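Please read the structure below before turning to the comments.
The values are calculated or read from the model by the stated rules, or taken from the named source; none is laboratory data. Because the structure is a prediction, the values reported are computed rather than measured. Cβ atoms come from the backbone with ideal geometry, glycine included; neighbour counts cover every protein chain shown.
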Amino acid sequence: MSVRVRFAPSPTGSLHIGSVRTTLYNYFLARKDAAGRLILRLEDTDQERLVPGAIDSIYDGLHWFGIRWDEGPREGGPHAPYVQSERLPLYQARARELVAGAAAYFCFCTKERLAQMRAAQQARGEITRYDRHCRDIPPADAAARAKDEPHVIRLKVPEEGTVGIDDLVYGHIEWPLNAIEDQVLLKSDGFPTYQLAVVIDDHDMKIDPIIRGEEWLPSTPKHLLVYQAFGWTPPPHAHVPNVLGPDGKKLSKRHGATQVDEFIREGYLPEAMVNFLALIGWSPGTEEEIFTIDELVTRFQIEQVHTAGGKWDRDRLDWFNGQWIRRLSDDELLRRLDAFLPAEWDRGLVRQVVPLIKERMRTLAEAKDQIAFLFGDRLEQDRSLLVPKKREPGDTVTALSRATVALRFLDPFAPERIEQAIAAVAADVGWTVRDLTIAIRAAVTGRKVGPPLYESLALLGRARALERLEAAQELIG
RNA sequence: GGCCCGGUCGCCUAGCGGUCUAGGGCGCUUCCCUUUCAAGGAAGAGGUCAUGGGUUCGAAUCCCAUCCGGGCUACCA
(Lines give C-alpha, C1' and ligand atoms only; values in the text may rest on other atoms or scores of the structure.)
Protein backbone atom coordinates (compact mmCIF):
# COMPACT_ATOMS: atom_id res chain seq x y z
CA MET A 1 0.00 0.00 0.00
CA SER A 2 1.60 3.25 -1.05
CA VAL A 3 1.45 6.46 0.89
CA ARG A 4 -1.31 8.90 0.04
CA VAL A 5 -1.11 12.03 2.13
CA ARG A 6 -2.88 15.34 1.87
CA PHE A 7 -2.86 18.86 3.05
CA ALA A 8 -6.19 20.51 3.32
CA PRO A 9 -6.06 24.25 3.89
CA SER A 10 -9.07 26.50 4.18
CA PRO A 11 -8.90 29.39 1.77
CA THR A 12 -9.44 31.88 4.57
CA GLY A 13 -6.24 33.85 4.16
CA SER A 14 -2.69 33.54 3.01
CA LEU A 15 -0.52 30.60 3.87
CA HIS A 16 0.42 30.31 7.54
CA ILE A 17 3.92 29.21 8.33
CA GLY A 18 2.67 26.65 10.85
CA SER A 19 0.58 24.87 8.26
CA VAL A 20 3.56 24.89 5.93
CA ARG A 21 5.42 22.88 8.55
CA THR A 22 2.65 20.30 8.62
CA THR A 23 2.54 20.28 4.83
CA LEU A 24 6.28 19.71 4.72
CA TYR A 25 5.94 16.60 6.85
CA ASN A 26 3.27 15.33 4.48
CA TYR A 27 5.49 16.15 1.54
CA PHE A 28 8.49 14.31 3.01
CA LEU A 29 6.44 11.18 3.43
CA ALA A 30 4.90 11.36 -0.01
CA ARG A 31 8.29 11.75 -1.72
CA LYS A 32 9.98 9.13 0.39
CA ASP A 33 7.70 6.53 -1.19
CA ALA A 34 8.34 6.19 -4.90
CA ALA A 35 4.65 5.56 -5.45
CA GLY A 36 3.60 8.12 -2.83
CA ARG A 37 1.06 10.78 -3.68
CA LEU A 38 0.47 14.19 -2.19
CA ILE A 39 -3.00 15.63 -2.54
CA LEU A 40 -4.13 19.20 -2.11
CA ARG A 41 -7.72 19.61 -1.06
CA LEU A 42 -9.48 22.88 -0.38
CA GLU A 43 -11.71 22.89 2.64
CA ASP A 44 -14.07 25.72 1.91
CA THR A 45 -17.20 24.55 3.66
CA ASP A 46 -17.38 27.73 5.66
CA GLN A 47 -18.65 30.07 3.01
CA GLU A 48 -18.65 33.03 5.36
CA ARG A 49 -14.92 33.00 5.90
CA LEU A 50 -13.79 32.67 2.30
CA VAL A 51 -11.14 35.15 1.28
CA PRO A 52 -10.80 35.91 -2.42
CA GLY A 53 -7.32 35.26 -3.74
CA ALA A 54 -6.51 32.87 -0.93
CA ILE A 55 -6.22 29.97 -3.34
CA ASP A 56 -3.63 31.77 -5.42
CA SER A 57 -1.57 32.64 -2.42
CA ILE A 58 -1.69 29.04 -1.20
CA TYR A 59 -0.49 27.85 -4.59
CA ASP A 60 2.20 30.51 -4.82
CA GLY A 61 3.43 29.94 -1.31
CA LEU A 62 3.69 26.19 -1.62
CA HIS A 63 5.46 26.46 -4.95
CA TRP A 64 7.92 28.91 -3.47
CA PHE A 65 8.89 26.27 -0.94
CA GLY A 66 9.47 23.80 -3.72
CA ILE A 67 6.57 21.62 -2.66
CA ARG A 68 4.99 19.74 -5.54
CA TRP A 69 1.80 17.71 -5.33
CA ASP A 70 0.09 15.18 -7.51
CA GLU A 71 -3.62 15.77 -7.23
CA GLY A 72 -5.48 18.97 -6.52
CA PRO A 73 -8.06 21.51 -7.67
CA ARG A 74 -6.03 22.68 -10.63
CA GLU A 75 -4.15 19.47 -11.24
CA GLY A 76 -7.17 17.20 -11.22
CA GLY A 77 -6.89 13.52 -10.37
CA PRO A 78 -8.84 10.32 -9.94
CA HIS A 79 -10.86 11.66 -7.03
CA ALA A 80 -11.85 15.05 -8.39
CA PRO A 81 -13.23 17.44 -7.51
CA TYR A 82 -10.73 18.49 -4.83
CA VAL A 83 -12.70 21.45 -3.60
CA GLN A 84 -15.25 20.65 -0.95
CA SER A 85 -17.82 23.17 -2.10
CA GLU A 86 -17.94 21.23 -5.38
CA ARG A 87 -18.65 17.97 -3.62
CA LEU A 88 -21.85 18.97 -1.87
CA PRO A 89 -24.18 16.30 -3.34
CA LEU A 90 -21.76 13.67 -2.12
CA TYR A 91 -21.91 14.82 1.47
CA GLN A 92 -25.65 15.28 1.40
CA ALA A 93 -26.26 11.79 0.06
CA ARG A 94 -23.92 10.30 2.64
CA ALA A 95 -25.49 12.25 5.47
CA ARG A 96 -28.94 11.01 4.44
CA GLU A 97 -27.54 7.50 4.34
CA LEU A 98 -26.62 7.88 7.96
CA VAL A 99 -30.10 9.14 8.85
CA ALA A 100 -31.65 6.22 7.02
CA GLY A 101 -29.45 3.86 8.96
CA ALA A 102 -30.41 5.53 12.25
CA ALA A 103 -26.80 6.58 12.86
CA ALA A 104 -27.76 10.23 12.54
CA TYR A 105 -30.92 12.29 12.88
CA PHE A 106 -32.63 15.51 11.78
CA CYS A 107 -32.43 18.34 14.27
CA PHE A 108 -34.77 21.31 14.08
CA CYS A 109 -33.43 23.33 16.97
CA THR A 110 -32.90 26.96 16.13
CA LYS A 111 -29.65 28.73 16.81
CA GLU A 112 -31.54 30.80 19.36
CA ARG A 113 -32.68 27.74 21.26
CA LEU A 114 -29.14 26.39 21.23
CA ALA A 115 -27.77 29.64 22.52
CA GLN A 116 -30.32 29.72 25.32
CA MET A 117 -29.64 26.13 26.17
CA ARG A 118 -25.94 26.82 26.39
CA ALA A 119 -26.44 29.89 28.54
CA ALA A 120 -28.65 27.95 30.93
CA GLN A 121 -26.15 25.11 31.14
CA GLN A 122 -23.40 27.56 31.84
CA ALA A 123 -25.45 29.30 34.54
CA ARG A 124 -25.95 25.96 36.23
CA GLY A 125 -22.26 25.23 35.96
CA GLU A 126 -22.85 22.27 33.67
CA ILE A 127 -20.96 21.18 30.62
CA THR A 128 -22.29 23.01 27.58
CA ARG A 129 -23.43 20.38 25.18
CA TYR A 130 -26.37 19.71 22.86
CA ASP A 131 -29.20 18.30 24.95
CA ARG A 132 -30.30 15.84 22.28
CA HIS A 133 -33.69 17.49 22.13
CA CYS A 134 -34.41 16.17 18.61
CA ARG A 135 -32.75 12.81 18.97
CA ASP A 136 -35.91 10.94 19.82
CA ILE A 137 -38.34 12.41 17.33
CA PRO A 138 -39.84 9.41 15.51
CA PRO A 139 -37.95 9.04 12.24
CA ALA A 140 -41.09 9.24 10.12
CA ASP A 141 -42.15 12.54 11.76
CA ALA A 142 -38.67 13.95 11.44
CA ALA A 143 -38.47 13.02 7.77
CA ALA A 144 -41.80 14.70 7.13
CA ARG A 145 -40.80 17.90 8.94
CA ALA A 146 -37.46 17.95 7.18
CA LYS A 147 -39.29 18.46 3.89
CA ASP A 148 -40.08 22.07 4.66
CA GLU A 149 -38.51 22.94 8.02
CA PRO A 150 -34.93 24.20 8.30
CA HIS A 151 -32.80 21.52 9.87
CA VAL A 152 -29.37 20.12 10.38
CA ILE A 153 -28.25 16.51 10.56
CA ARG A 154 -26.59 15.38 13.76
CA LEU A 155 -24.60 12.29 14.54
CA LYS A 156 -26.22 9.92 17.02
CA VAL A 157 -23.35 9.37 19.41
CA PRO A 158 -23.58 6.16 21.48
CA GLU A 159 -24.41 6.78 25.16
CA GLU A 160 -21.42 4.97 26.54
CA GLY A 161 -18.16 3.30 25.69
CA THR A 162 -14.92 4.75 24.39
CA VAL A 163 -13.18 5.43 21.11
CA GLY A 164 -9.45 5.46 20.66
CA ILE A 165 -6.60 5.51 18.18
CA ASP A 166 -2.99 4.53 18.09
CA ASP A 167 -1.54 7.79 16.93
CA LEU A 168 1.74 7.46 15.05
CA VAL A 169 3.18 10.27 17.14
CA TYR A 170 1.25 10.39 20.39
CA GLY A 171 0.63 6.70 20.87
CA HIS A 172 -2.60 5.33 22.21
CA ILE A 173 -5.28 7.85 23.12
CA GLU A 174 -8.79 7.09 24.29
CA TRP A 175 -11.86 9.23 24.83
CA PRO A 176 -14.96 8.40 26.82
CA LEU A 177 -18.04 8.70 24.62
CA ASN A 178 -20.11 10.47 27.25
CA ALA A 179 -17.97 13.55 26.77
CA ILE A 180 -18.83 13.83 23.10
CA GLU A 181 -21.89 15.63 21.86
CA ASP A 182 -24.14 14.86 18.95
CA GLN A 183 -22.07 16.64 16.38
CA VAL A 184 -23.67 18.54 13.51
CA LEU A 185 -22.72 16.82 10.26
CA LEU A 186 -24.75 18.73 7.73
CA LYS A 187 -25.55 22.40 8.26
CA SER A 188 -28.90 23.99 7.47
CA ASP A 189 -27.43 25.57 4.34
CA GLY A 190 -26.75 22.11 2.97
CA PHE A 191 -23.00 22.37 3.52
CA PRO A 192 -21.23 19.70 5.50
CA THR A 193 -19.34 20.58 8.64
CA TYR A 194 -15.63 19.98 8.60
CA GLN A 195 -16.16 16.85 10.69
CA LEU A 196 -18.28 15.18 8.03
CA ALA A 197 -16.46 16.39 4.96
CA VAL A 198 -13.02 15.48 6.20
CA VAL A 199 -13.98 11.90 6.94
CA ILE A 200 -15.77 11.36 3.66
CA ASP A 201 -13.00 12.95 1.63
CA ASP A 202 -10.16 11.20 3.40
CA HIS A 203 -11.98 7.94 2.91
CA ASP A 204 -12.90 8.51 -0.72
CA MET A 205 -9.46 9.83 -1.58
CA LYS A 206 -7.88 6.88 0.21
CA ILE A 207 -5.72 9.05 2.43
CA ASP A 208 -3.25 6.99 4.46
CA PRO A 209 -1.89 8.19 6.77
CA ILE A 210 -3.63 11.34 7.94
CA ILE A 211 -1.07 13.86 9.13
CA ARG A 212 -2.34 17.05 10.70
CA GLY A 213 -1.76 19.53 13.48
CA GLU A 214 -2.08 18.73 17.13
CA GLU A 215 -5.07 21.04 17.44
CA TRP A 216 -7.12 18.36 15.70
CA LEU A 217 -6.50 15.81 18.38
CA PRO A 218 -9.65 16.71 20.36
CA SER A 219 -11.89 16.29 17.34
CA THR A 220 -10.43 12.93 16.41
CA PRO A 221 -13.01 10.98 18.44
CA LYS A 222 -15.74 12.75 16.49
CA HIS A 223 -14.15 11.65 13.25
CA LEU A 224 -13.71 8.14 14.54
CA LEU A 225 -17.40 8.01 15.33
CA VAL A 226 -18.24 9.08 11.80
CA TYR A 227 -16.02 6.35 10.39
CA GLN A 228 -17.83 3.92 12.65
CA ALA A 229 -21.22 5.16 11.52
CA PHE A 230 -20.28 4.49 7.91
CA GLY A 231 -18.72 1.17 8.75
CA TRP A 232 -15.32 2.31 7.54
CA THR A 233 -11.91 1.56 9.01
CA PRO A 234 -10.10 4.76 9.92
CA PRO A 235 -6.59 5.09 8.43
CA PRO A 236 -3.56 5.61 10.68
CA HIS A 237 -3.38 9.09 12.15
CA ALA A 238 -0.33 11.16 12.99
CA HIS A 239 -0.75 14.41 14.85
CA VAL A 240 2.18 16.77 14.83
CA PRO A 241 2.86 19.31 17.59
CA ASN A 242 2.15 22.97 17.01
CA VAL A 243 4.63 25.69 16.25
CA LEU A 244 4.43 28.08 19.17
CA GLY A 245 5.06 31.77 19.66
CA PRO A 246 7.58 33.00 22.26
CA ASP A 247 4.77 32.98 24.85
CA GLY A 248 4.05 29.32 24.31
CA LYS A 249 0.76 29.87 22.55
CA LYS A 250 0.01 28.78 19.03
CA LEU A 251 1.95 30.96 16.59
CA SER A 252 -0.29 33.72 15.30
CA LYS A 253 -0.20 37.20 13.86
CA ARG A 254 0.27 38.84 17.23
CA HIS A 255 3.69 37.16 17.38
CA GLY A 256 4.79 39.01 14.25
CA ALA A 257 5.18 37.65 10.75
CA THR A 258 3.42 34.33 10.22
CA GLN A 259 2.45 34.44 6.57
CA VAL A 260 4.68 33.01 3.91
CA ASP A 261 4.59 36.13 1.75
CA GLU A 262 5.94 38.19 4.63
CA PHE A 263 9.01 35.99 4.85
CA ILE A 264 9.50 36.15 1.12
CA ARG A 265 9.40 39.93 1.31
CA GLU A 266 11.88 39.99 4.17
CA GLY A 267 14.39 38.08 2.11
CA TYR A 268 14.33 34.58 3.52
CA LEU A 269 15.35 31.67 1.34
CA PRO A 270 13.00 28.74 0.89
CA GLU A 271 15.92 26.41 1.59
CA ALA A 272 16.43 28.05 4.98
CA MET A 273 12.76 28.11 5.86
CA VAL A 274 12.36 24.44 5.02
CA ASN A 275 15.44 23.51 6.99
CA PHE A 276 14.42 25.57 10.00
CA LEU A 277 10.78 24.53 9.98
CA ALA A 278 11.49 20.83 9.60
CA LEU A 279 13.62 20.92 12.74
CA ILE A 280 10.87 22.33 14.93
CA GLY A 281 9.22 19.22 16.23
CA TRP A 282 11.42 16.71 14.50
CA SER A 283 15.04 15.70 14.69
CA PRO A 284 16.96 13.05 12.79
CA GLY A 285 18.58 12.01 16.05
CA THR A 286 22.01 13.10 14.93
CA GLU A 287 23.91 16.31 15.48
CA GLU A 288 23.62 17.56 11.91
CA GLU A 289 21.72 20.79 11.35
CA ILE A 290 21.83 21.65 7.66
CA PHE A 291 19.57 19.69 5.36
CA THR A 292 18.28 20.21 1.85
CA ILE A 293 14.66 19.39 1.21
CA ASP A 294 15.72 16.19 -0.57
CA GLU A 295 17.85 15.13 2.36
CA LEU A 296 14.89 15.73 4.62
CA VAL A 297 12.78 13.52 2.41
CA THR A 298 15.16 10.62 2.88
CA ARG A 299 15.78 11.25 6.59
CA PHE A 300 12.31 12.05 7.83
CA GLN A 301 10.53 9.51 9.99
CA ILE A 302 7.07 10.28 11.25
CA GLU A 303 7.73 8.24 14.39
CA GLN A 304 10.54 10.64 15.34
CA VAL A 305 8.20 13.60 15.50
CA HIS A 306 7.94 15.05 18.99
CA THR A 307 4.91 15.31 21.16
CA ALA A 308 5.83 18.67 22.66
CA GLY A 309 5.27 21.91 20.78
CA GLY A 310 8.29 23.89 19.66
CA LYS A 311 8.79 27.62 19.78
CA TRP A 312 9.50 29.78 16.82
CA ASP A 313 13.02 31.25 17.17
CA ARG A 314 13.75 34.08 14.79
CA ASP A 315 17.48 34.15 15.63
CA ARG A 316 17.80 30.55 14.63
CA LEU A 317 15.92 31.18 11.40
CA ASP A 318 18.30 34.04 10.63
CA TRP A 319 21.25 31.78 11.22
CA PHE A 320 19.89 29.16 8.85
CA ASN A 321 19.22 31.86 6.30
CA GLY A 322 22.81 33.08 6.50
CA GLN A 323 24.04 29.54 6.12
CA TRP A 324 21.95 29.02 3.02
CA ILE A 325 22.88 32.37 1.48
CA ARG A 326 26.52 31.42 1.79
CA ARG A 327 25.87 28.11 0.08
CA LEU A 328 24.49 29.85 -3.00
CA SER A 329 26.76 30.45 -5.98
CA ASP A 330 27.42 34.12 -6.70
CA ASP A 331 25.29 33.98 -9.82
CA GLU A 332 22.44 32.30 -8.03
CA LEU A 333 22.63 34.83 -5.21
CA LEU A 334 22.49 37.59 -7.80
CA ARG A 335 19.29 36.10 -9.18
CA ARG A 336 17.71 35.88 -5.73
CA LEU A 337 18.75 39.42 -4.95
CA ASP A 338 17.18 40.84 -8.08
CA ALA A 339 13.77 41.56 -6.60
CA PHE A 340 15.34 43.31 -3.62
CA LEU A 341 17.33 45.88 -5.58
CA PRO A 342 16.21 48.88 -7.64
CA ALA A 343 15.81 47.95 -11.28
CA GLU A 344 18.09 50.78 -12.39
CA TRP A 345 21.10 49.49 -10.50
CA ASP A 346 23.59 48.04 -12.91
CA ARG A 347 23.49 44.27 -12.55
CA GLY A 348 27.05 43.96 -13.81
CA LEU A 349 28.24 46.01 -10.88
CA VAL A 350 25.93 44.20 -8.48
CA ARG A 351 27.38 40.93 -9.66
CA GLN A 352 30.83 42.18 -8.72
CA VAL A 353 29.89 43.15 -5.15
CA VAL A 354 27.94 40.00 -4.47
CA PRO A 355 30.99 38.05 -3.31
CA LEU A 356 31.86 40.90 -0.97
CA ILE A 357 28.53 40.95 0.83
CA LYS A 358 27.61 37.30 0.69
CA GLU A 359 28.88 36.55 4.15
CA ARG A 360 27.55 39.80 5.53
CA MET A 361 23.90 39.08 4.89
CA ARG A 362 21.37 37.30 6.99
CA THR A 363 18.48 38.18 4.71
CA LEU A 364 18.36 39.20 1.06
CA ALA A 365 16.70 42.46 2.03
CA GLU A 366 19.84 43.60 3.86
CA ALA A 367 21.92 43.74 0.70
CA LYS A 368 20.45 46.95 -0.62
CA ASP A 369 21.70 49.24 2.15
CA GLN A 370 25.10 47.60 2.17
CA ILE A 371 25.86 48.37 -1.45
CA ALA A 372 23.77 51.49 -2.08
CA PHE A 373 26.88 53.68 -2.02
CA LEU A 374 28.01 52.15 -5.29
CA PHE A 375 24.99 53.40 -7.16
CA GLY A 376 24.22 56.98 -8.01
CA ASP A 377 26.46 59.99 -7.68
CA ARG A 378 24.98 61.63 -4.64
CA LEU A 379 26.08 60.46 -1.24
CA GLU A 380 25.00 61.65 2.16
CA GLN A 381 28.13 61.98 4.28
CA ASP A 382 28.02 61.99 8.05
CA ARG A 383 30.50 64.45 9.53
CA SER A 384 30.54 62.68 12.88
CA LEU A 385 31.70 59.45 11.23
CA LEU A 386 34.41 61.14 9.21
CA VAL A 387 36.74 61.96 12.09
CA PRO A 388 37.98 58.84 13.90
CA LYS A 389 37.87 58.81 17.68
CA LYS A 390 40.86 60.56 19.26
CA ARG A 391 41.78 62.25 15.99
CA GLU A 392 41.62 65.93 15.21
CA PRO A 393 39.49 67.30 12.36
CA GLY A 394 42.48 69.08 10.97
CA ASP A 395 44.61 65.96 10.93
CA THR A 396 41.78 64.07 9.32
CA VAL A 397 41.61 66.59 6.50
CA THR A 398 45.32 66.19 6.01
CA ALA A 399 45.16 62.41 6.01
CA LEU A 400 42.25 62.41 3.61
CA SER A 401 43.94 64.83 1.28
CA ARG A 402 47.10 62.71 1.25
CA ALA A 403 44.99 59.69 0.43
CA THR A 404 43.32 61.61 -2.36
CA VAL A 405 46.69 62.44 -3.85
CA ALA A 406 47.93 58.89 -3.48
CA LEU A 407 44.88 57.47 -5.19
CA ARG A 408 44.74 59.99 -7.99
CA PHE A 409 47.43 58.48 -10.16
CA LEU A 410 47.34 54.93 -8.92
CA ASP A 411 47.59 52.50 -11.79
CA PRO A 412 45.82 50.20 -11.93
CA PHE A 413 43.10 51.35 -9.57
CA ALA A 414 42.88 47.90 -8.06
CA PRO A 415 42.47 46.56 -4.51
CA GLU A 416 46.09 45.48 -3.98
CA ARG A 417 47.46 48.78 -5.15
CA ILE A 418 44.93 50.71 -3.12
CA GLU A 419 45.89 48.76 -0.04
CA GLN A 420 49.56 49.59 -0.54
CA ALA A 421 48.81 53.22 -1.15
CA ILE A 422 46.67 53.57 1.94
CA ALA A 423 49.24 51.81 4.07
CA ALA A 424 51.88 54.23 2.80
CA VAL A 425 49.73 57.26 3.55
CA ALA A 426 48.99 55.96 7.03
CA ALA A 427 52.67 55.53 7.75
CA ASP A 428 53.32 58.92 6.31
CA VAL A 429 50.89 60.81 8.51
CA GLY A 430 51.55 58.64 11.51
CA TRP A 431 48.11 57.10 11.64
CA THR A 432 47.10 53.50 12.06
CA VAL A 433 45.74 51.90 8.94
CA ARG A 434 42.64 51.26 10.95
CA ASP A 435 41.96 54.92 11.60
CA LEU A 436 42.68 55.90 8.06
CA THR A 437 40.29 53.30 6.68
CA ILE A 438 37.62 54.49 9.09
CA ALA A 439 37.84 58.00 7.67
CA ILE A 440 38.01 56.86 4.07
CA ARG A 441 35.14 54.45 4.49
CA ALA A 442 32.96 57.18 5.98
CA ALA A 443 33.90 59.52 3.15
CA VAL A 444 33.30 57.07 0.40
CA THR A 445 30.35 55.03 1.65
CA GLY A 446 28.78 57.38 4.18
CA ARG A 447 28.63 54.52 6.65
CA LYS A 448 30.59 53.06 9.49
CA VAL A 449 30.54 49.48 8.28
CA GLY A 450 30.34 47.85 4.93
CA PRO A 451 32.04 45.52 2.48
CA PRO A 452 35.85 45.46 2.39
CA LEU A 453 37.13 48.96 1.68
CA TYR A 454 39.82 48.40 -0.95
CA GLU A 455 37.51 46.31 -3.12
CA SER A 456 34.75 48.82 -2.59
CA LEU A 457 36.95 51.67 -3.78
CA ALA A 458 37.96 49.74 -6.88
CA LEU A 459 34.32 49.03 -7.70
CA LEU A 460 33.31 52.62 -7.03
CA GLY A 461 35.87 53.81 -9.52
CA ARG A 462 38.54 56.42 -9.21
CA ALA A 463 36.44 59.40 -10.26
CA ARG A 464 33.68 59.01 -7.73
CA ALA A 465 36.10 57.94 -5.02
CA LEU A 466 38.17 61.09 -5.40
CA GLU A 467 35.09 63.24 -5.60
CA ARG A 468 33.79 61.90 -2.31
CA LEU A 469 37.15 62.19 -0.60
CA GLU A 470 37.30 65.86 -1.57
CA ALA A 471 33.74 66.49 -0.49
CA ALA A 472 34.56 64.96 2.87
CA GLN A 473 37.52 67.29 3.38
CA GLU A 474 35.30 70.25 2.71
CA LEU A 475 32.62 68.97 5.04
CA ILE A 476 35.09 68.63 7.91
CA GLY A 477 36.81 71.89 7.23
C1' G B 1 -15.63 24.04 34.31
C1' G B 2 -15.04 19.38 31.21
C1' C B 3 -12.02 16.39 27.82
C1' C B 4 -7.23 15.72 25.66
C1' C B 5 -1.99 16.73 25.10
C1' G B 6 2.61 18.41 26.89
C1' G B 7 6.99 19.83 30.53
C1' U B 8 15.73 18.20 29.12
C1' C B 9 20.29 25.00 29.35
C1' G B 10 16.84 31.70 27.32
C1' C B 11 15.41 28.98 22.31
C1' C B 12 15.58 24.34 18.70
C1' U B 13 17.01 19.68 20.32
C1' A B 14 20.12 14.44 21.39
C1' G B 15 18.72 10.93 24.90
C1' C B 16 14.15 5.43 24.67
C1' G B 17 16.94 1.64 32.20
C1' G B 18 23.60 1.55 33.08
C1' U B 19 28.66 4.28 28.19
C1' C B 20 25.03 11.00 31.27
C1' U B 21 30.54 14.14 35.76
C1' A B 22 23.31 15.16 30.47
C1' G B 23 25.72 15.84 23.98
C1' G B 24 24.99 19.27 19.56
C1' G B 25 23.01 23.84 17.27
C1' C B 26 21.01 29.11 17.91
C1' G B 27 21.75 33.21 21.08
C1' C B 28 25.33 35.26 24.79
C1' U B 29 30.77 36.14 26.66
C1' U B 30 36.08 35.92 25.62
C1' C B 31 40.11 35.06 22.40
C1' C B 32 42.30 34.27 17.39
C1' C B 33 42.02 35.99 12.32
C1' U B 34 41.48 41.17 10.46
C1' U B 35 41.07 47.52 6.48
C1' U B 36 35.20 48.09 9.35
C1' C B 37 31.32 44.69 9.89
C1' A B 38 30.58 39.94 9.03
C1' A B 39 32.10 35.05 8.00
C1' G B 40 35.48 31.40 9.93
C1' G B 41 38.33 29.08 14.04
C1' A B 42 38.99 28.27 19.45
C1' A B 43 37.39 28.56 24.39
C1' G B 44 33.54 29.60 28.04
C1' A B 45 29.14 30.72 30.88
C1' G B 46 24.36 28.39 30.93
C1' G B 47 20.54 22.44 32.77
C1' U B 48 19.21 19.99 40.88
C1' C B 49 16.33 16.65 33.11
C1' A B 50 8.87 20.90 36.30
C1' U B 51 8.14 18.99 41.57
C1' G B 52 7.24 14.99 45.05
C1' G B 53 6.77 10.00 45.68
C1' G B 54 7.49 5.08 44.06
C1' U B 55 9.51 0.55 40.86
C1' U B 56 14.72 -1.09 40.25
C1' C B 57 21.24 -3.07 42.10
C1' G B 58 20.68 1.37 38.92
C1' A B 59 15.87 6.51 36.24
C1' A B 60 16.15 12.33 32.26
C1' U B 61 14.57 7.49 30.59
C1' C B 62 9.16 3.05 33.70
C1' C B 63 4.61 4.05 37.22
C1' C B 64 1.61 7.46 40.29
C1' A B 65 0.41 12.20 42.26
C1' U B 66 0.97 17.36 42.22
C1' C B 67 2.09 21.85 39.85
C1' C B 68 2.58 24.63 35.53
C1' G B 69 1.67 25.35 30.26
C1' G B 70 -1.17 24.47 25.87
C1' G B 71 -5.23 22.74 22.68
C1' C B 72 -10.29 21.73 22.10
C1' U B 73 -15.05 22.48 24.02
C1' A B 74 -19.68 26.29 17.27
C1' C B 75 -24.74 24.98 12.01
C1' C B 76 -15.20 27.62 12.25
C1' A B 77 -11.59 24.91 10.21
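All conditions but one from (1) over 20 Å from A:Leu88 (Cα atoms); (2) modelled with pLDDT of 90 or more apply to A:Pro9; the one that does not is (1).
In the stretch A:301-313, of all residues being in contact (Cβ under 8 Å) with a residue 24 or more places away in the chain and in a helix (DSSP H, G or I), the one that is farthest from RNA strand B (Cβ to nearest atom) corresponds to A:Ile302. What is the residue count in the stretch A:278-300 for residues that are near RNA strand B (Cβ under 6 Å from one of its atoms) and exposed (fewer than 13 other Cβ atoms within 10 Å of the Cβ)? The total comes to 2.
From the list A:Leu185, A:Leu155, A:Leu196, A:Leu177, the one residue that fits, being aliphatic (A, V, I, L, M), touching a strand residue (DSSP E or B) at 6+ places or on another chain (Cβ under 7 Å) and modelled with pLDDT under 95, is A:Leu177. When A:Leu114, A:Leu155, A:Leu185 are checked against the criterion of being of a type outside the set (Ser, Thr, Tyr) and near RNA strand B (Cβ under 8 Å from one of its atoms), A:Leu114 stands alone in meeting it.
Restricting attention to the stretch A:100-111, the residues that are near RNA strand B (Cβ under 8 Å from one of its atoms) and assigned to a helix (DSSP H, G or I) total 1. Check A:Asp148, A:Asp141, A:Asp131 and return the single one that is on the phi < 0 side of the Ramachandran plot, surrounded by 12 or more Cβ atoms within 10 Å (Cβ to Cβ) and among the charged types (D, E, K, R). Every option except A:Asp131 fails the conditions. Annotation: A:Ser252 fulfils all but one of (1) closer than 18 Å to A:Gly309 by Cβ; (2) in contact with a His (Cβ under 7 Å, 6 or more places away or on another chain); (3) within 11 Å of RNA strand B (Cβ to nearest atom); the unmet one is (2). Scanning the stretch A:255-277 for residues that are near RNA strand B (Cβ under 10 Å from one of its atoms) and without any contact (Cβ under 8 Å) to a residue 60 or more places away in the chain yields one hit, A:Phe276. Residues in the stretch A:158-181 that are near RNA strand B (Cβ under 9 Å from one of its atoms) and surrounded by 15 or more Cβ atoms within 10 Å (Cβ to Cβ): A:Asp167, A:Val169, A:Tyr170, A:Ile173, A:Trp175, A:Ile180, A:Glu181.
Checking each residue in the stretch A:72-95 for being out of contact with any helix residue (DSSP H, G or I) (no Cβ under 8 Å at 6 or more places or on another chain) and touching a residue at least 40 places away in the same chain (Cβ under 8 Å) picks out A:Tyr82, A:Val83, A:Leu88, A:Gln92. Taking the condition within 13 Å of RNA strand B (Cβ to nearest atom), of a type in the set (Asp, Glu) and over 25 Å from A:Pro234 (Cα atoms), does A:Glu149 pass? Criteria met by A:Glu149. When the stretch A:206-224 is filtered for residues that are part of a helix (DSSP H, G or I) and either within 10 Å of RNA strand B (Cβ to nearest atom) or in contact with a helix residue (DSSP H, G or I) (Cβ under 8 Å, 6 or more places away or on another chain) (or both), the ones remaining, listed by number, are A:Glu214, A:Glu215, A:Trp216, A:Leu217, A:Pro218, A:Ser219, A:Thr220, A:Pro221, A:Lys222, A:His223. Every condition in (1) touching a Phe, Trp or Tyr at 6+ places or on another chain (Cβ under 9 Å); (2) part of a helix (DSSP H, G or I); (3) crowded, with 18+ Cβ neighbours inside 10 Å holds for A:Asp395 except the one numbered (3). Does A:Gln420 fit the bill of being of a type outside the set (Ser, Thr, Tyr), more than 9 Å from RNA strand B (Cβ to nearest atom) and either under 28 Å from A:Lys358 (Cα atoms) or free of Cβ contacts under 8 Å to residues at least 40 places away in the same chain (or both)? Against the criterion (of a type outside the set (Ser, Thr, Tyr), more than 9 Å from RNA strand B (Cβ to nearest atom) and either under 28 Å from A:Lys358 (Cα atoms) or free of Cβ contacts under 8 Å to residues at least 40 places away in the same chain (or both)), A:Gln420 qualifies. Return the residue satisfying two criteria in turn: it lies in the stretch A:430-477 and is over 39 Å from the mean Cα position of the chain (by Cα) and part of a loop (DSSP other than H, G, I, E, B), and of such residues it is surrounded by the most Cβ atoms within 10 Å (Cβ to Cβ). My answer is A:Trp431. Going by what's in this entry, would A:Ala403 be described as part of a helix (DSSP H, G or I) and either more than 13 Å from RNA strand B (Cβ to nearest atom) or surrounded by 16 or more Cβ atoms within 10 Å (Cβ to Cβ) (or both)? So A:Ala403 fits the description; yes.
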